[in-house]
1. Given the options 290, 322, 269, which has the most mean-square fluctuation in a GNM of the chain, springs set between C-alpha atoms less than 10 angstrom apart?
2. With 10 angstrom as the radius, rank 18, 228 by how many other C-beta atoms surround their C-beta, starting from the fewest.
3. Pick from 180, 320, 115: which residue has the top mean-square fluctuation in a GNM of the chain where Cα pairs under 10 Å get a spring?
4. Taking square-rooted eigenvalues a ≥ b ≥ c of the alpha carbon gyration tensor, is the range 207-248 rounded, prolate or oblate, where a/c under 1.5 means rounded and, failing that, a/b exceeding b/c means prolate?
5. How large is the convex hull of the C-alpha atoms of the range 21-166 per residue, in Å³?
6. Round to the nearest 0.05 the FRET efficiency obtained for residue 262 and residue 36 when R0 = 45 Å and r is the Cβ-Cβ distance.
7. Which of 326, 287 has the fewest other C-beta atoms within 10 Å, and how do the rest follow up to the most?
8. Does the range 168-306 come out rounded, prolate or oblate, given a ≥ b ≥ c as the square roots of the eigenvalues of its C-alpha gyration tensor, rounded meaning a/c under 1.5 and, failing that, prolate meaning a/b above b/c?
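No lab work stands behind these numbers, since they all come straight from the coordinates. As the structure is a computational prediction, the values presented were derived from the model and not from experiment. Note that we place each Cβ from the backbone using ideal geometry, even for glycine, and neighbour counts take in every protein chain shown.
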Amino acid sequence: MNTDTLDLPEVDDAWAWMAACEERGWGDGLPTIPPTEERVATMLAGAPSVDLGPLPPRGVTPTLRSIAANAVMAGCRPADLPVLLAAIAAVQDEAYNLHGTLATTHPCAPMVLVSGPVRETLGLNSGGNCLGPGTRGNAVIGRALSLVLLHVGGARPGVLDRSTQGSPAKYTFCFAEADSPFDPLAVQRGFAPGESVVSVMAAEPPHNVNDHGSTTGAEILLTVAGTMAQPGSNNVYVRGPHLLLLGPEHAATLHRDGWTPASIRAHLWEHARIPVAHVSEGNRRQFVEWGVEPDGDAYTVSDAPENLHLAVAGGAGKHSAWIPSFGGTALVSRVVP
């Protein structure tokens with residue numbers, strides 16, 4: 001897609017535009033907005049300058065203009081562009097492993113977690129259904145990132161994106177961090193409380209943690225540990241980060257009982273273990289090839305407690321979410337310019 005010259009087909013209605021996109025292999029299958037010269041110019045007005053490198057798999061370096069065109073297609077507002085730019089810069093960090101995460105058969109997608117004052121500025125959802133539909137900012141920022149990786153990076157499904165089944169998160173996976181009894185994730189990672197920060201991770205869709213019966217923090221973590229101890233997770237042998245996204249009610253109970261992010265990480269590291277008996281002999285042999293041995297009679301779910309990250313989001317209800325990763329990636333954070 002030539003988004004720098006905006007070599008667009010001459011169409012005069014939404015249906016014709018959709019047909020033209022389909023013929024050219026543009027877009028994600030959902031309706032998009034034509035990135036006209038006027039709309040792209042409006043998107044670029046006041047945009048911060050950024051220094052970006054080439055995007056794999058194609059190795060093309062995105063220009064600010066090409067990013068703005070994809071942002072228009074996704075439905076972004078000009079105010080959304082700095083968050084999108086921070087997310088693109090974050091996925092370009094070597095530790096994120098963008099090429100591997102785009103070309104893998106694993107169903108990972110770029111998860112975008114937004115912390116700090118920009119949440120309110122953009123009206124991002126950190127409450128009920130924050131991982132679902134209903135909020136423009138959540139929907140379009142994550143979608144714009146996916147479109148940039150598709151159109152500029154060339155990660156077209158079935159061609160360079162080799163995901164066996166994919167996942168709905170590949171359309172968009174963006175949400176805001178809620179106010180928390182703990183330090184926000186960005187602060188835990190060394191950023192100032194007043195900074196707006198984007199954190200990205202190549203992640204699977206969220207796995208629900210349903211616990212309505214537990215009355216203590218220790219009981220809740222027992223449920224969380226059992227949810228995380230899955231032999232089919234990439235994290236077992238590829239290692240890498242997880243995100244525990246606590247619902248506010250679970251977070252309140254844990255905080256009441258004196259738990260902290262550090263103690264939660266340490267506890268889950270010790271208790272989220274996968275019994276060797278739950279892993280097939282063939283997989284055990286493969287794990288050895290990857291340099292992964294069991295710790296006693298069980299496998300750990302990652303290579304260090306520091307790879308178990310924690311944030312709070314969601315509304316009423318005793319649910320949390322475990323978000324595992326591709327494994328060969330990292331949680332990377334960048335300040336919004």
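1. Between 290, 322, 269, it is 290 that shows the largest mean-square fluctuation.
2. Fewest-to-most Cβ neighbours within 10 Å comes out as 18, 228.
3. 180
4. prolate
5. Working: hull volume 17.5 nm³, N = 146.
Convex hull volume per residue, Cα atoms: 120 Å³.
6. On the way: r = 50 Å, r/R0 = 1.12.
Once rounded, the FRET efficiency stands at 0.35.
7. The most exposed by this proxy come first: 287, 326.
8. In terms of gyration-tensor shape, prolate.
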